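Each remark here refers to the structure printed beneath this line.
All of the numbers you see were taken from the coordinates with simple rules; none came from a lab. What you are looking at is a predicted structure, and each value in this text was computed from that prediction instead of being measured. Using ideal geometry, Cβ is built from the backbone for each residue, glycine included, and neighbour counts are taken over all protein chains shown.
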C-alpha cells in the first residue's frame, strides 16, 4: 500500500470540500473494496477522508411514501430493515445474495454503489487494462472473458458491474442524492448514475470530483411479487454470471433489471412492455445490441432462462399464499 | 500451522526487517525531496480489545488485523488471503463480525474488538470453542479462529433476525438450520474441508441456547 494521510470529516459538506481540496484524495466508508484495491496499488490515494461520523446511517420515510436510505446504512442493516423486507423485497433479496456476512456488515449503501466495475484483468497488474491505466489496452478482450460483459461494452473495456444491490435499486427506480464541494445538492436518477465505459473506462460513475453520496431514495412501494434470481458458479459468495431483479404484477406486467452482463445494471423500460408475452419477448429486445465474446455467449440465452424462471417464481408465489416475497 | 511454518515466517520477517532497516537509514535524505503522500503517516488510535483499552501509534496503512497481530501480539487472528476472501481474519467489532484485513486500525477509534483470545481461554472455553473440539470442526486449525468468531456472530445474527439468501420468506424470522449455517458461513473458507463438522458444532451451540 502507498502511504496516505487520514482524516475524519464531521459534516457531508466538509467531507466533500476536503476531498476536492486535497490532491489525490478519496472518501473512505466501509473500505471493503477500496482497501482491497489499495493493497494491490491499483488504487493509490494520498489522502483518505473517512466519512463514518457523518450520521448518514438512518432509513427514514419520505413525503411521497417512499424511503430515504442514508449513505452509511450498512448492507446488513438495509437488508434487515422491516420496511425494506416488506415493501422492497427485491432489495433485501439482492443484498443477501451478494458478498459474505462479514463484508455486508462493513459495506455501506453508498460504498456499495462506488465499488469499482471490475474484471480479473483489472486486478492483475501484469496485464493491460484501460480501466486501471487509461490507454494501456484491454487484455480481457481476446483473453478469458467468460465472466465479462455482453452488452454496453466498448473496444476499450468489457468489465462487468459486479454488485447485486444496485441491480435491485435500478429496478426500483432509486434516486442517488449527493452534495458537492460547494455545498450544492442534486438528485441523480439511478439509470444515470453508473457510466458505460466508452473510451474512458477508468471513470465508473457520473459523480463529479469531490461529490459525495448522502442518500439513496426509493419511491413508494410498487406492490407485485419481488424476485432476485442469481445464477453463479457456486451456491454462495460468488459474483453473478447472470442475475435478474424483477417485480412482477398479478396481470403479468412487470419490470426487470439484469446483473452480471453489462458495465452497469442493465434495464430497458421499453423491453419490459413485452413482459406479459414472456421472457423471450423481453430478452430479444433487451439484448438486441449484445456483442458477446466466444467465452460469454452463453449469457445471452442464460438471461432469457433466468428471467423465465423469475416470471415462473412470481406466478407460483402469487398462487401459493404464504410462500411470499409479495410487496405491499 | 506447524512450528516449522512459524520458524519460516520468522526468518522471512527477519529478512524483511533487514531490508526495512536499510530503508530507514536512507530516510533523512529521501524525506527532503519526497512529495506529499509518499512518506508513512502515523496516528494514535485507542481500541478496547477483549475488554482491555489499548492505545497504539500506527502507520495509517495498518489494518485492524496487523494492529492485533503485530502491535498487540494477539496472533490468534490469522492472516489468510489478506483480501477479505477467506475469512481467517474474522473478528467481532462492536458486536458485528468483519474481515479485520479489510479495515484500517484508524477506522476503529473507540471501538470494542473481540478476538478468539477474548471469547474463551484454554481453561474456560467459549461454548463454540468447546463445540468445535467436540465435533472436530477443524483439521489444520489455521482458519479456526476466524471460523469460531464468525460462528458466534452468525448465531447472534440469526437471533437478531438478520435475513439470508436461503430463507424462503424474508419477512419471517430465520431459524438456525443447517442450510442457514452453510449459507451464512460462506465467507469463511476451510481448505481442509471441515465444513460439515463446523455446521454440526454450530447446531449444537444453537440447540443448547434455544
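Oblate is the label for the stretch A:156-258. Its Cα gyration tensor axes, ordered a ≥ b ≥ c, give a/c of at least 1.5 and b/c at or above a/b.
Only Cα pairs under 8 Å and 6+ residues apart enter the sum, and on that basis the relative contact order of chain A stands at 19 percent.
With a cut-off of 17 Å on the backbone N, the residues of the stretch B:137-158 near the modelled label site 7 Å out from residue B:192 along Cα-Cβ are B:137-151.
Taking other C-beta atoms within 10 Å as the exposure proxy, A:164, A:204 rank A:204, A:164 from fewest upward. Modelled spin labels at residue A:273 and residue A:300, positioned 7 Å past Cα toward Cβ, are 2.4 nm from each other. In a GNM of chain A with a 10 Å cut-off on Cα contacts, which of A:235, A:25, A:273 has the highest mean-square fluctuation? Maximum among the listed residues: A:235. On the basis of the beta-carbon distance and an R0 of 41 Å, residue B:111 and residue B:134 show a calculated FRET efficiency of 0.80.
If you find the alpha carbon centre of the stretch A:296-320 and of the stretch A:1-63, how far apart are they in angstrom? Going from one Cα centre to the other spans 38 Å. For the protein assembly as shown, the gyration tensor built on C-alpha atoms gives an oblate shape. Its axis ratio a/c (a ≥ b ≥ c) is at least 1.5, and a/b is not larger than b/c.
Cβ crowding within 10 Å ranks A:299, B:96 as B:96, A:299, fewest other Cβ atoms first. Computed from the Cβ-Cβ distance with R0 of 25 Å, the FRET efficiency linking residue A:83 to residue A:63 stands at 0.95. What is the list of residues in the stretch B:103-125 whose amide nitrogen lies under 19 Å from a point 7 angstrom out from the Cα of residue A:10, following Cα to Cβ? Inside the label zone: B:109-110. Remind me, relative contact order of the stretch B:67-164 in percent, using alpha carbon pairs under 8 angstrom and six or more residues apart? Worked out over the stretch B:67-164, it gives 30 percent. What shape does the stretch B:41-118 take by its C-alpha gyration tensor, where a ≥ b ≥ c are the square roots of the eigenvalues and a/c under 1.5 counts as rounded, a/b above b/c as prolate, and the rest as oblate? Note, shape of the stretch B:41-118 comes out oblate. Relative contact order, whole percent, for the stretch B:120-210 stands at 40, derived from Cα pairs under 8 Å and 6 or more residues apart.
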